[in-house]
1. Out of all the residues in the range 81-110, which are more than 19 Å from the chain's Cα centre (by Cα) and part of a helix (DSSP H, G or I)?
2. Is it true that A184 is under 30 Å from L20 (Cβ atoms) and in a strand (DSSP E or B)?
3. Of the residues G148, G180, G144, G175, only one is under 20 Å from L102 (Cα atoms), more than 14 Å from the chain's Cα centre (by Cα), exposed (fewer than 15 other Cβ atoms within 10 Å of the Cβ) and of a type outside the set (S, T, N, Q); which?
4. When you scan the range 212-223, do you find a residue that is out of contact with any Pro (no Cβ under 8 Å at 6 or more places or on another chain), polar (S, T, N, Q), surrounded by fewer than 18 Cβ atoms within 10 Å (Cβ to Cβ) and part of a loop (DSSP other than H, G, I, E, B), even just one?
5. Going by the structure shown, is G219 closer than 22 Å to F63 by Cβ and modelled with pLDDT under 95?
6. Which is part of a helix (DSSP H, G or I), without any contact (Cβ under 8 Å) to a residue 40 or more places away in the chain and either surrounded by fewer than 17 Cβ atoms within 10 Å (Cβ to Cβ) or not hydrophobic (A, V, I, L, M, F, W, C) (or both), of Q119, Q114, Q73?
7. So which residues in the range 16-57 are surrounded by 21 or more Cβ atoms within 10 Å (Cβ to Cβ) and charged (D, E, K, R), if there are any at all?
Amino acid sequence: MKIVVIGGTGLIGSRLVTNLREHGHEAVAAAPSTGVDTLTGEGLAGVMAGASVVVDVANSPSFEDAAVLEFFQTSTRNLLAAEAAAGVGHHVALSVVGTGRLPDSGYLRAKAAQENLIQGAPIPFSIVHATQFFEFVPAIADAGTDGGTVRMAPVSFQPIAGDDVARVVGKVVVGAPVNGRVEAGGPERFRMDEFFRDALAARSDPREVVTDPHARYFGTELSDLSLVPGDDAVLGEIRYGDWPGRAGRS
């Protein structure tokens, strides 16, 4: 089966391409570096030829509100049009747990707009909602940094390893369209402020983590369950304490 992976050279996409190929599928990594640009439409018609599934794990190069909205809307419209022309039977997209619950976040508003376009198209679809990746822990800490401190809310947090995300997405890709969402999260649930206190200590990061119920997460305040999946979520296998990158190693 030919599967086109949009964003196939990135963090999740490269892992997904490898996993699919190991299971005997023709997985094609599509990205600007391979001649496929979803914003301009360059290369889309050619890469879609003969594809059964298209999976979109690409991310916006800018998280500025207007830019990220433009990226996901334009990219998704171009993808869906090319898929319809090529007769693709399944569109899979990677999104974020909490999309729809945090309208003050420009990034999540953009992901919600992307999902609305997918749901409104005639192509059968599956949307995977994943929690925050282990690989994003340093960036999340940086976003919460105020001088020499990191302000974090005392809310639930259930991050997942990138390898586990790729495995979950891979299973959805080779299955039948669910025409809905599949949630994925890590195998452990933490309190966010306590998690980052331990995570920074493991990296010998001198910043102090301050508990702040009003700390903003990429522009929005959080309730206890804003960032965690439901009880029926698919759980990853890799615990944060066992993840090689925990101490800053790749």
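1. Applying the first criterion (more than 19 Å from the chain's Cα centre (by Cα)) to the range 81-110 yields 81-89.
Across the range 81-110, the qualifying residues are A81, A82, E83, A84, A85, A86.
2. Values: under 30 Å from L20 (Cβ atoms): yes; in a strand (DSSP E or B): yes.
Criteria met by A184.
3. Values: G148 fails: under 20 Å from L102 (Cα atoms); G144 fails: exposed (fewer than 15 other Cβ atoms within 10 Å of the Cβ); G175 fails: under 20 Å from L102 (Cα atoms).
Unique residue meeting the criteria: G180.
4. Looking through the range 212-223, at least one residue is out of contact with any Pro (no Cβ under 8 Å at 6 or more places or on another chain), polar (S, T, N, Q), surrounded by fewer than 18 Cβ atoms within 10 Å (Cβ to Cβ) and part of a loop (DSSP other than H, G, I, E, B).
5. Details: closer than 22 Å to F63 by Cβ: yes; modelled with pLDDT under 95: yes.
Considered against the rule, which asks whether it is closer than 22 Å to F63 by Cβ and modelled with pLDDT under 95, G219 comes out as yes.
6. Values: Q114 fails: without any contact (Cβ under 8 Å) to a residue 40 or more places away in the chain; Q73 fails: without any contact (Cβ under 8 Å) to a residue 40 or more places away in the chain.
Going through Q119, Q114, Q73 in turn, the sole match is Q119.
7. The one that is surrounded by 21 or more Cβ atoms within 10 Å (Cβ to Cβ) and charged (D, E, K, R): D56.
Residue-by-condition table, conditions (1) touching a residue at least 60 places away in the same chain (Cβ under 8 Å); (2) touching a strand residue (DSSP E or B) at 6+ places or on another chain (Cβ under 8 Å); (3) part of a loop (DSSP other than H, G, I, E, B):
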position: T9; (1), (2), (3): no, yes, yes
position: R21; (1), (2), (3): no, yes, no
position: A29; (1), (2), (3): no, yes, no
position: D37; (1), (2), (3): no, no, yes
position: T40; (1), (2), (3): no, no, yes
position: S60; (1), (2), (3): no, no, yes
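The values are calculated or read from the model by the stated rules, or taken from the named source; none is laboratory data. Here the structure is a predicted model, which means the values were calculated and not measured. Don't worry about glycine lacking a Cβ; one is built from the backbone with ideal geometry, like all the others, and counts go over all protein chains shown.
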